[in-house]
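> Quick one: structure below, then a few questions.
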Amino acid sequence: MSVLELVRPDLRGLRGYSSARLEAGEAGLLLNANEAPDSGVPGAGLHRYPQPQPAALVSALARTYGVRPEQVLVGRGSDEAVDLLTRALCRAGQDRVLICPPTFGMYQVCAAVQGAAVDSVPLQAEQGFALDFAALRAAVTPTTRIVWLCSPNNPTGGELPRAQVLEFVADMAGRALVVIDEAYGEFGDAPSYAGELERFPHLAVLRTLSKAYGLAGARIGSLLAHPELIALLRRLMAPYPLPTPCVDAALTALAAQPRVDAWVSQCVQERERVYTSLRLLPGVRQVWPSAANFVAFRVDEATTTWRGLAARGVVVRDVSHYLGLAGALRVSMGWPAHNDAFLDALRNVLTTPVRGVADPQTETGVA
Ligand SMILES: *Cc1c(COP(=O)(O)O)cnc(C)c1O
C-alpha cells in the first residue's frame, strides 16, 4: 500500500506552484523571477530567490541522518513539518491525531488549526511516564491519521522502549502515519528510527538543527519519510521556505560535526551532574532521568519557585500545567557555570522562607 493513501484524497493530485527557480534553475541571464539585478545588502547575493530545497543542504542532511536525499524535506524548523503533515493527512472535521501527553505542544496546536480532533493516551506519571502501548493501540480509530511519538520526550526527557515502538509501527501499516520526533535524538543513546524507514513506508522521523547544532535562530528542521510523501509535501509547502543566510548557516554547522559532538558529550555530562545535584537538594521532590538537553524536576510550589529563580536572574520553564507534571519545572543545560548558577539560585530559593523579610527580592515584579 502506498503511504499516499493516508493523505487527504483532495491533495493527492495537487500539482503545486511552479516557481521560476524550479522551472529554469540558476544558469544564464536570469530575467525570469522579477528579482533585482543587485543585492539590497551589497555583496550578500540576496537578490535571488533561493532554491526551494537546496541540493547541497538536502544531501548534507541526508548524510548526517543516514537516509537518501529523496527521503528528506527541509523546513522552517521541524515545527513546519508538524504543520505540513497535519494539513496533508487530516481532513478538517473528520480526521484525528493521537498524542501522548505530557508532550510537545505543537502537535495539538497544528491539529486545532487544521480542525482535526486530538485523542490522548497519557504517559503514566506514576511509572516514570511510561507509555501503555496496549492503550495506544486501542485508541487508534479508522479516522486516526497521525500518531505522534516523541523520544526523547519534551518536557519529561524519557525515551520510549524501542522494541515496543517498532512493534506498534508494524501494527499501524496502512492505518496511520507514525511520526517519531527526535528533536533531542543526539543527546540520547538510542539509534535513530530513520534506519527503519525502508521497512515502514508509514513511518516518519523529525530531526532539527535547533537543539544539538545550536541553530534555533536559523529555523532548519527535517522530516525524514517515504519519497512519495516527501514529494507531495514539497508541492504543498511555501515556494521558497528557506532563507539563503539560514541555508548557509546550516551548511557551516553540518560541516563542523566534531564541534557538535563535543557539545553533545559535554551537555550529557552536565545533564547527569545536574540530575545528581538536584536529587540531593532539599525541597526537590522528584527528578526525572533525561536523555535530552534538559532536566525536569518537581518542587512543592512550581510557580513560586519559578518566580524566585527569575528574581535571581535565572529563567527556567514552568511546565507545571502539563498533564501529570504538577509542581514541575524544566531547566535547559547551559555551560557548566550557567548550570552552577542555576543550582545555587535554586538552593537559595528553596531554603529562603517565602514570607521572610530576609529576602525582599523573592516576590518582586516578575510576571
Ligand atoms: C524544539 C522542539 C521541536 C521544534 O524544533 P524546531 O526545529 O526548532 O522547529 C520539535 N519537537 C520537539 C519535541 C521539540 O522540543
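The values are calculated or read from the model by the stated rules, or taken from the named source; none is laboratory data. For clarity, every value in this text was computed on a predicted model and none was experimentally measured. Neighbour counts are summed over all protein chains in view; Cβ atoms, including those assigned to glycine, are modelled from backbone coordinates with ideal geometry.
> Restricting attention to the range 80-94, and to residues there that are free of Cβ contacts under 8 Å to residues at least 60 places away in the same chain and away from the ligand (no atom under 13 Å from the Cβ), which single residue is surrounded by the fewest Cβ atoms within 10 Å (Cβ to Cβ)? Can you show your working first?
Keep residues of the range 80-94 that are free of Cβ contacts under 8 Å to residues at least 60 places away in the same chain, which gives 83, 92-94.
Right, trim to away from the ligand (no atom under 13 Å from the Cβ) and you get 92-94.
Numbers: 92: 12, 93: 9, 94: 12.
Restricting to residues being free of Cβ contacts under 8 Å to residues at least 60 places away in the same chain and away from the ligand (no atom under 13 Å from the Cβ), the top hit is 93.
> Tell me the residue from 145, 175 that is of a type in the set (Lys, Arg) and not in a loop (DSSP other than H, G, I, E, B), please. Step through it out loud before you land on a result.
Details: 175 fails: not in a loop (DSSP other than H, G, I, E, B).
Checking each option against the conditions leaves just 145.
> Given the criteria modelled with pLDDT of 95 or more and within 15 Å of the ligand (Cβ to nearest atom), does residue 187 qualify?
The answer is yes for residue 187.
> Checking the conditions here, which among 54, 50 is surrounded by 13 or more Cβ atoms within 10 Å (Cβ to Cβ) and touching a Ser or Thr at 6+ places or on another chain (Cβ under 6 Å)?
Exactly one of 54, 50 is surrounded by 13 or more Cβ atoms within 10 Å (Cβ to Cβ) and touching a Ser or Thr at 6+ places or on another chain (Cβ under 6 Å), namely 50.
> Considering only the range 207-224, I want to know if a residue exists there that is in a loop (DSSP other than H, G, I, E, B), away from the ligand (no atom under 15 Å from the Cβ), under 29 Å from residue 124 (Cβ atoms) and modelled with pLDDT of 95 or more.
no
> Follow-up. Can you report the number of residues in the range 1-55 which are within 30 Å of residue 142 (Cβ to Cβ), in a loop (DSSP other than H, G, I, E, B) and free of Cβ contacts under 8 Å to residues at least 24 places away in the same chain?
Summing the residues that are within 30 Å of residue 142 (Cβ to Cβ), in a loop (DSSP other than H, G, I, E, B) and free of Cβ contacts under 8 Å to residues at least 24 places away in the same chain in the range 1-55 gives 1.
> Report yes if some residue within the range 154-161 is within 12 Å of the ligand (Cβ to nearest atom), on the phi > 0 side of the Ramachandran plot and surrounded by 24 or more Cβ atoms within 10 Å (Cβ to Cβ); otherwise report no.
yes
> Follow-up. Say we look at the range 64-79 and pick out the residues that are within 23 Å of residue 13 (Cβ to Cβ) and assigned to a helix (DSSP H, G or I); which of these is nearest to the ligand (Cβ to nearest atom)?
71
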